[in-house]
Amino acid sequence: MADESDEEIREQLKGALWFAVGKMVDEETLRRNRNVTPQFIGALTEMVWTQIENVALDLENFSRHAGRTTINTDDVLLLARRNQDLHTIIKDFVDKQKATKAKGKSKR
């Protein structure tokens, strides 16, 4: 993979996303006894890809703004700030992880 261009890697990732989205759509269509077109799966994949790109850019920018080169949970929480339910789920998870980590350190 080291000799592959960024565009080739991007296309491989997009293909993997298309496969994953297609699999999820197939499962739902079978469960709901519905049909979808390949064009629908392609459009949904493009929409998800664009959302992933936007999330990645936002996370990078939040991290850079904070003077860091590594994305951390603070960046993810900042990204989720407009979706209160998602923010709460992520915050609870992070708090539990921190508590578990602190417990492990106190036992040493």
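The values are calculated or read from the model by the stated rules, or taken from the named source; none is laboratory data. Nothing here was measured: the structure is a model prediction, and the numbers come from that model. Cβ atoms come from the backbone with ideal geometry, glycine included; neighbour counts cover every protein chain shown. Accessible surface is based on the protein model in full, side chains and every heavy atom, while ligands, DNA and RNA are left aside. Shrake-Rupley method; radii C 1.70, N 1.55, O 1.52, S 1.80 Å.
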Checklist entry - If you take the residues in the stretch 1-41 that are in contact with a helix residue (DSSP H, G or I) (Cβ under 7 Å, 6 or more places away or on another chain) and not hydrophobic (A, V, I, L, M, F, W, C), which one is farthest from A80 (Cα to Cα)? => result N35
Checklist entry - Hey, does the stretch 15-22 have a residue that's open to solvent by less than 100 Å² (accessible area, probe 1.4 Å), under 15 Å from the mean Cα position of the chain (by Cα) and among the β-branched types (V, I, T)? => result yes
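Rundown of residues vs (1) part of a helix (DSSP H, G or I); (2) surrounded by 11 or more Cβ atoms within 10 Å (Cβ to Cβ); (3) not aliphatic (A, V, I, L, M), yes/no style:
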residue: V25; (1), (2), (3): yes, yes, no
residue: A56; (1), (2), (3): yes, yes, no
residue: T70; (1), (2), (3): no, no, yes
residue: R81; (1), (2), (3): yes, no, yes
Item to check | Filter result for L86 (within 13 Å of the chain's Cα centre (by Cα), more than 23 Å from R10 (Cβ to Cβ) and not in a loop (DSSP other than H, G, I, E, B)) | outcome: yes
Item to check | Test: T45 is touching a Phe, Trp or Tyr at 6+ places or on another chain (Cβ under 7 Å), open to solvent by less than 80 Å² (accessible area, probe 1.4 Å), farther than 23 Å from F93 by Cα and in a helix (DSSP H, G or I) | outcome: yes
Next on the checklist: Need the failing condition index for T29 against (1) part of a helix (DSSP H, G or I); (2) in contact with a Leu (Cβ under 9 Å, 6 or more places away or on another chain), just the number.
Outcome noted: (2)
Checklist entry - Given the residues D75, D85, which is the only one that is of a type in the set (D, E), open to solvent by 90 Å² or more (accessible area, probe 1.4 Å), at pLDDT 95 or above and within 30 Å of K98 (Cβ to Cβ)? => result D85
Item to check | Test result for G104, loosely packed, with under 10 Cβ neighbours inside 10 Å, in a loop (DSSP other than H, G, I, E, B), out of contact with any Asp or Glu (no Cβ under 7 Å at 6 or more places or on another chain) and among the small types (G, A, S) | outcome: no
